[in-house]
Amino acid sequence: MINIVIAGVGGQGSLLASRILSALYEARGETVKVSEVHGMSQRGGSVITTVRAGKAVYSPLITDGEGDILIAFEQIEALRYLNQLKPGGTVIMSTQRVMPMPVLTGAMPYPEGVTDTIRAAGYKVIALDALELAAKAGSPRTANVVVLGAASGIIGGTDGEWDAALAAAVKGTHLDINRKAFAAGRNAG
Amino acid sequence: MKKMMLGNEAVARGLYEAGCTFVSSYPGTPSTEITKYAAEYEEIYAEWAPNEKVAAESAFGASVAGARAFSGMKHVGLNVAADPLFTAAYTGVNGGLVIAVADDMGMHSSQNEQDSRHYAMAAKIPMLEPADSQECKDFTKLAFELSERFDTPVFVRLSTRISHAQTPVELGERQAPPLRVYEKNVGKYVMMPAMARARHAEVEKHIEALGEWCETADINRIEWGTERKIGVVAAGIAYQTAREAFGDTASYLKLGMVYPLPVSHLKELASKVDVLYVVEELDDFIETHCKKHGVSVVGKAELSPLGEYTVPQLRKLIGFTDVKTAAVTPPPPRPPVLCVGCPHRGPFYVMNKLKLAVTGDIGCYTLGAAKPLDSMDVCLCMGASVSSLHGLLKARPEMAERTVAVIGDSTFVHSGVTGLINAVYNQSASTVMILDNRTTGMTGHQANPVTGETLKGKPAPVLDLEALCRGCGVNRVSVVDAHDITGIEKALREELAADEPSVIIVLRPCALLKNVEKKPPLVIENCKKCKICLRIGCPAMHTAQSGATEIDESQCVGCGLCAKLCRFGAIREVN
């Protein structure tokens, strides 16, 4: 059984990342369940998506403390869902900052030193500037796939398996740019 | 062939495979995608109705005509559709009639977390509850069979975690039964007291027959564990959570039908385990049934009636303590916000500035309640902004000068217009602001009577809201651009002062609609640090360490609202 948490802000592309992961595990013949968020949280709110794959999967949700990998598209969101990870689990995090309203209004500061905080809590961290890598690959909108590429080493799988998963989840003309983004992340991760 | 599908998508697949040809719904999270996916099948006629009552009645009409018909809604939508459905239980059906209702335990996107199973019992309509996408498809098909066999509408109960989880589904062929013969049958379909009395007796008979059916149906099954210590009764997502929590040693009565409920399975499981838990989110519906039949169970005495269950919560029942997770300081919360460029931001800024009391409604604009816009006093249910303002003004007429009802276009058509008719008829000096963004926003941009197209993407007549309001008898109807904050303030001041009902239509399409033009990001030069621009709560603006406002150019869509507030002309377009 593998439990992957994908955390981000509404609109950052958690759903696409979950579909790529889902395609990867399906191709391996595993049972997959994915829990998504639709509705109010998508209006710039915090969004958690979970992907579970194994022989038999019951709940689509991950129990706190049982997640293997946390893929985060934003620093605060990495902190928010850290409790989903098992001790010693790995966080793959984009260093992007998206200010939530309490920070924008000055009511709360944006937390500093997030990578160190996560390490100090006993987790492994891969942090990368996914937005910049995505921009270099051709589109900042593929930052999600860059982070997924960075996570691919930990998740495992051959280049061929990942490419097939990308092709299964990404439609038509966007495939090439997502391939580039994935490769950029895979090299950085 | 297996395909990963959302529960909602799988319900739509079930509609297709069952040969359903008529779907009418009103959007509502977490049910919306059922109808969206159903519309993608050419064989299914699917539409967005103005509200759930209209949708359910239309589906009833299609059923009487002989078609397999469907309506999908969220739990609070079922409140709106309850009137026709309670009596449709009496008339029964011609073509199968299936109603999906999606509950929202945990209130991810809802104003309450009512338990829809009570409706099944109250209306005497059978209810199935799938626990994954495969069952969503299978149970939808079964629901049509049961509907026709027992002459009753059938509920399929979903929940957020079932509707919005993707799990594998084995696809099947479509088997479309022909349209059933339409026959006039006054005794069955005209529910006047004399006929209804006879039909009530029929309802009691078929519910009893369904009670017998569910004793042997394979959708209710006992899954024996490796031990006989713990037994669990559960349905839907609660079954999945319980399986995670108690594992393969426990035995489960997995219920596919939650009304009527079986008795024999319960007694069998109870007789063979040491302790029997009922794991059901929200109310003690199954537990009450168990107790009624003398089966001793542990349920709400140990488990909360609030929200969704988690695995650790259930494991506590059998003596496990909390999982140790590393503690970090909780980061700042990230509540949902009005989007960058949102046309609701301007009117809420003005309402905040004028310190108005606001009766709000259900939609994206409910987010205007949050700081810094902070402009909502009441939000109850769809349409209530208009009618609750009327009552408020009858009790406190002096508040007319500083109170406004705020409602979206789709919500106004859903159930706001009846409140407006009341305000005219019973003469309150209500000021109603319709935030017309030309779409049903919060649920993901569904078409509605003002959008000019149908769910199937065909052109449709555009409902003229201004003419509608005038037709209701409102003499004072004005239309203002949502980004014209001066115009909105002027209109509000005038209409609040008027001693009769008035409507201000604040018009501008949702910033997320594809045909809405995005402009280059604005720039700030020589910011005087007065922070007035931050009062609109735009997520693309923040205060830099210097105290000056900065615009996040990756987010700004150049709507220009902030520039209108800056007294120093420091915010401008790029030349």
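The values are calculated or read from the model by the stated rules, or taken from the named source; none is laboratory data. Because the structure is a prediction, the values reported are computed rather than measured. When we count neighbours, we look across all protein chains shown, and the Cβ atoms used for this are built from the backbone with ideal geometry, even at glycine.
Answer yes if at least one residue in the stretch B:14-29 is within 14 Å of chain A (Cβ to nearest Cβ), over 18 Å from B:Phe139 (Cα atoms) and in contact with a Lys or Arg (Cβ under 7 Å, 6 or more places away or on another chain), and no otherwise. For the stretch B:14-29, residues within 14 Å of chain A (Cβ to nearest Cβ), over 18 Å from B:Phe139 (Cα atoms) and in contact with a Lys or Arg (Cβ under 7 Å, 6 or more places away or on another chain): present.
The criterion of being closer than 29 Å to B:Val358 by Cβ and either in a loop (DSSP other than H, G, I, E, B) or of a type in the set (S, T, N, Q) (or both) holds for B:Pro509.
Return a yes/no flag: does the stretch B:95-103 have any residue that is surrounded by 24 or more Cβ atoms within 10 Å (Cβ to Cβ), farther than 30 Å from B:Leu463 by Cβ and in contact with a Phe, Trp or Tyr (Cβ under 6 Å, 6 or more places away or on another chain). Among the residues of the stretch B:95-103, at least one is surrounded by 24 or more Cβ atoms within 10 Å (Cβ to Cβ), farther than 30 Å from B:Leu463 by Cβ and in contact with a Phe, Trp or Tyr (Cβ under 6 Å, 6 or more places away or on another chain), which makes the answer yes. A count restricted to the stretch A:99-120 and to residues that are at the interface with another protein chain (Cβ under 8 Å from one of its Cβ atoms) and either closer than 27 Å to A:Val145 by Cβ or in contact with a Gly (Cβ under 7 Å, 6 or more places away or on another chain) (or both) stands at 8. Restricting attention to the stretch B:389-409, and to residues there that are of a type in the set (A, V, I, L, M) and part of a strand (DSSP E or B), which single residue is surrounded by the fewest Cβ atoms within 10 Å (Cβ to Cβ)? Once the filter is applied, the top-ranked residue is B:Val404.
Considering only the stretch B:302-321, I want to know if a residue exists there that is crowded, with 24+ Cβ neighbours inside 10 Å, more than 13 Å from chain A (Cβ to nearest Cβ) and in contact (Cβ under 8 Å) with a residue 40 or more places away in the chain. Checked against the condition, which is being crowded, with 24+ Cβ neighbours inside 10 Å, more than 13 Å from chain A (Cβ to nearest Cβ) and in contact (Cβ under 8 Å) with a residue 40 or more places away in the chain, the stretch B:302-321 yields no hits at all.
Applying the set (1) in contact (Cβ under 8 Å) with a residue 12 or more places away in the chain; (2) part of a loop (DSSP other than H, G, I, E, B); (3) farther than 18 Å from B:Val413 by Cβ to B:Leu455 leaves exactly one unmet item: (3).
Residues are listed down the side, and each one gets a yes or a no for (1) farther than 30 Å from A:Val98 by Cα; (2) touching a Lys or Arg at 6+ places or on another chain (Cβ under 7 Å); (3) within 14 Å of another protein chain (Cβ to nearest Cβ):
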residue	(1), (2), (3)
B:Arg334	no, no, yes
B:Lys353	no, no, no
B:Met376	no, no, no
B:Met382	yes, no, no
B:Thr411	yes, no, no
B:His414	yes, no, no
B:Thr440	no, no, yes
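Considering the stretch A:56-76, and only residues there that are more than 7 Å from chain B (Cβ to nearest Cβ) and more than 21 Å from B:Glu308 (Cβ to Cβ), the residue that is surrounded by the most Cβ atoms within 10 Å (Cβ to Cβ) turns out to be A:Ala72. Summed over the stretch B:339-387, residues that are farther than 18 Å from B:Met107 by Cβ, of a type in the set (A, V, I, L, M) and either part of a loop (DSSP other than H, G, I, E, B) or more than 23 Å from the chain's Cα centre (by Cα) (or both) total 7.
Condition (residue is more than 17 Å from the chain's Cα centre (by Cα) and without any contact (Cβ under 8 Å) to a residue 12 or more places away in the chain) applied to the stretch A:43-51: is it met by at least one residue? For the stretch A:43-51, residues more than 17 Å from the chain's Cα centre (by Cα) and without any contact (Cβ under 8 Å) to a residue 12 or more places away in the chain: absent. Checking B:Thr321, B:Thr310 one by one, the residue that is of a type in the set (Ser, Thr, Tyr), out of contact with any Ser or Thr (no Cβ under 9 Å at 6 or more places or on another chain) and within 22 Å of A:Tyr81 (Cα to Cα) is B:Thr321 and no other.
Per the listing B:Cys538, B:Cys562, B:Cys556, B:Cys530, the residue uniquely within 14 Å of chain A (Cβ to nearest Cβ) and surrounded by fewer than 20 Cβ atoms within 10 Å (Cβ to Cβ) is B:Cys530. Of the strands (runs of 3 or more DSSP E) that lie entirely inside the stretch B:6-121, those containing 3 or more residues that are within 20 Å of the chain's Cα centre (by Cα) and over 25 Å from B:Val450 (Cβ atoms) span B:97-103. When A:Val147 is tested against (1) within 14 Å of another protein chain (Cβ to nearest Cβ); (2) crowded, with 16+ Cβ neighbours inside 10 Å; (3) not polar (S, T, N, Q), only condition (1) is not met. A:Leu79 meets the conditions (1) surrounded by fewer than 20 Cβ atoms within 10 Å (Cβ to Cβ); (2) within 8 Å of chain B (Cβ to nearest Cβ) in every case but one. The failed one is (1). Just so you know, in the stretch A:55-98 the residues that are in contact with a Pro (Cβ under 7 Å, 6 or more places away or on another chain) and at pLDDT below 95 include one that is nearest to B:His542 (Cα to Cα), and it is A:Asp64. For the stretch A:35-49, give me each residue that is at pLDDT 95 or above and within 9 Å of chain B (Cβ to nearest Cβ). Within the stretch A:35-49, just A:Ser35 meets the criteria. Before we move on, is B:Ala544 without any contact (Cβ under 8 Å) to a residue 24 or more places away in the chain, within 13 Å of chain A (Cβ to nearest Cβ), aliphatic (A, V, I, L, M) and touching a strand residue (DSSP E or B) at 6+ places or on another chain (Cβ under 7 Å)? Criteria met by B:Ala544. Of the listed requirements (1) facing another protein chain (nearest Cβ under 8 Å); (2) surrounded by 23 or more Cβ atoms within 10 Å (Cβ to Cβ); (3) in contact (Cβ under 8 Å) with a residue 12 or more places away in the chain; (4) within 21 Å of A:Gln12 (Cβ to Cβ), A:Val32 misses just one: (4). If we keep just the residues of the stretch B:273-296 that are surrounded by fewer than 22 Cβ atoms within 10 Å (Cβ to Cβ) and of a type in the set (Val, Ile, Thr), which is nearest to B:Arg161 (Cα to Cα)? The selected residue is B:Thr288.
Just need a number here: residues in the stretch B:147-184 that are within 14 Å of chain A (Cβ to nearest Cβ) and either surrounded by fewer than 20 Cβ atoms within 10 Å (Cβ to Cβ) or in a strand (DSSP E or B) (or both).
8
Quick one: which residue in A:Ala53, A:Ala27 is in contact with an Asp or Glu (Cβ under 8 Å, 6 or more places away or on another chain), farther than 23 Å from B:Pro312 by Cβ and more than 7 Å from chain B (Cβ to nearest Cβ)? Step by step, each of A:Ala53, A:Ala27 is checked, and only A:Ala27 is in contact with an Asp or Glu (Cβ under 8 Å, 6 or more places away or on another chain), farther than 23 Å from B:Pro312 by Cβ and more than 7 Å from chain B (Cβ to nearest Cβ). Of the residues making up the stretch B:422-465, just one is surrounded by fewer than 17 Cβ atoms within 10 Å (Cβ to Cβ), of a type outside the set (S, T, N, Q) and closer than 29 Å to B:Glu398 by Cα, namely B:Tyr425.
Of the residues making up the stretch B:185-195, those that are under 31 Å from the mean Cα position of the chain (by Cα) and in a helix (DSSP H, G or I) number 1. Taking B:Leu367, is it within 9 Å of another protein chain (Cβ to nearest Cβ) and buried (at least 19 other Cβ atoms within 10 Å of the Cβ)? Answer is yes for this residue. Here B:Asp138 meets each of (1) within 14 Å of chain A (Cβ to nearest Cβ); (2) part of a helix (DSSP H, G or I) with one exception, condition (1).
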